[in-house]
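Heads up, the thing below is written out as structure tokens.
The values are calculated or read from the model by the stated rules, or taken from the named source; none is laboratory data. All values derive from a computational prediction rather than experimental measurement. Note: ideal-geometry Cβ built from the backbone for every residue, glycine included; neighbour counts use all protein chains shown.
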Amino acid sequence: MELRVLKYFLAVAREESITKAAEKLFITQPTLSRQIAELEDELGAPLFVRGNRSVTLTGEGLMLKRRAEEMLELEDAIRQECAQGGKVGGSVRLGMAEAFSANIAAQIIDKFRDEHPEVKFELFTAMADEVLERIDKGTIDVGFLLEPVNVDRYDFIRLPQTERMGILMRADDKLARKESLEPEDLLGLPLIVPMRRELQSNTRSAIGAIYDKFNIIATFNVVNNASLLAERGTGYVLVAEGAAQYNHNPGLCFRPLKPLTPINCVAVWKKYQPYGRAASIFLEKLAMLCGH
């Protein structure tokens, strides 16, 4: 399977037309059709459903599209690293949780850019499972995540910051008058909780069976979207304090939830991974900043 053919495949998937893709690729339509047919033969599955004027991806095509994009990302990273020669350049790819740990990444990037202005950074925000999946595939170098995270298969540094879980809500709500909240304060209220099951499980373990009595109306993976519901008074958002820092709406406020214990933040990366110079220097700076 050649990368060139995968690029052809992605062009057809993007344009949803072999004719339009051939024009964009500056090749003839019969040539492109033959390349796609040979790719389907090689994989033993149809990749497109052919219509009169357009094509759409099959289930196998959707899977290949995701894998092909990852392979081309890796190809691009390799080219960038090799093109630098003795210089420090290329990209450092970071997976980020919405948490205080992002401040450590920002601090390192700020100093890094002063010393190595040719280096670029790619920031990807997602839940822990997706960040770890990308680390496994080599499309993310370092992940900054909230525990609990299974780090058995990774190298990691536990960061000095800890997170408090609490409630993001309207600043004019009567509960905002309290400095902290008890689980009983939330009974009967519409709650919006993190989609990540580990955080839900941690919260339940800490506060007990009362969690099962909560009125959970929605889940989220990006707090900015959930905050829109809090702003309208639709619900109360259970969130890490570090995620609430991104919301500068004076109409909202954060109150910690007791008796939840602080959550640790970790930086993780793949074991035995041969990194480029930029990513290696980033890890060195991370270790120094965290006292390792």
(message) Being within 28 Å of LEU132 (Cβ to Cβ), in the same structural domain as SER101 (by TED's automatic domain parsing), in contact (Cβ under 8 Å) with a residue 60 or more places away in the chain and surrounded by fewer than 17 Cβ atoms within 10 Å (Cβ to Cβ): is that true of GLN245 here?
(response) no
(message) With the requirement that a residue be modelled with pLDDT of 90 or more and either in a strand (DSSP E or B) or within 31 Å of the chain's Cα centre (by Cα) (or both), what does the stretch 44-54 give you?
(response) ALA45, PRO46, LEU47, PHE48, VAL49
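Residues are listed down the side, and each one gets a yes or a no for (1) out of contact with any Phe, Trp or Tyr (no Cβ under 8 Å at 6 or more places or on another chain); (2) surrounded by fewer than 17 Cβ atoms within 10 Å (Cβ to Cβ):
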residue	(1), (2)
ALA126	yes, no
ASP129	yes, yes
ASP136	yes, yes
THR139	yes, no
VAL142	no, no
LEU145	yes, no
PRO148	yes, yes
TYR154	no, no
LEU159	no, no
(message) Going residue by residue through the stretch 12-22, is there one that turns out to be surrounded by fewer than 14 Cβ atoms within 10 Å (Cβ to Cβ), in contact (Cβ under 8 Å) with a residue 40 or more places away in the chain and out of contact with any His (no Cβ under 8 Å at 6 or more places or on another chain)?
(response) no
(request) Test LEU238 against the criterion of being surrounded by 20 or more Cβ atoms within 10 Å (Cβ to Cβ), hydrophobic (A, V, I, L, M, F, W, C) and in contact with a strand residue (DSSP E or B) (Cβ under 8 Å, 6 or more places away or on another chain), and give yes or no. (result) yes
(message) One residue is enough: does the stretch 18-40 have a residue meeting the conditions closer than 30 Å to PRO160 by Cα and either in the same structural domain as ALA244 (by TED's automatic domain parsing) or not in a helix (DSSP H, G or I) (or both)?
(response) no
(message) Which residue is farthest from GLU163 (Cα to Cα), if the candidates are limited to the stretch 201-216 and must be touching a strand residue (DSSP E or B) at 6+ places or on another chain (Cβ under 6 Å) and surrounded by fewer than 18 Cβ atoms within 10 Å (Cβ to Cβ)?
(response) ASN215
(request) Check GLY138 against each of (1) more than 18 Å from GLU70 (Cα to Cα); (2) within 16 Å of the chain's Cα centre (by Cα); (3) among the small types (Gly, Ala, Ser) and name the one condition it does not meet. (result) (1)
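Listed here are the residues, each with its yes/no results for (1) under 30 Å from MET71 (Cβ atoms); (2) without any contact (Cβ under 8 Å) to a residue 12 or more places away in the chain; (3) out of contact with any strand residue (DSSP E or B) (no Cβ under 6 Å at 6 or more places or on another chain).
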site: GLU133; (1), (2), (3): yes, yes, yes
site: VAL142; (1), (2), (3): yes, no, no
site: PRO148; (1), (2), (3): no, no, yes
site: ASP152; (1), (2), (3): yes, yes, yes
site: GLU163; (1), (2), (3): no, no, no
site: ILE167; (1), (2), (3): no, no, no
site: LEU186; (1), (2), (3): no, no, yes
site: LEU191; (1), (2), (3): no, no, no
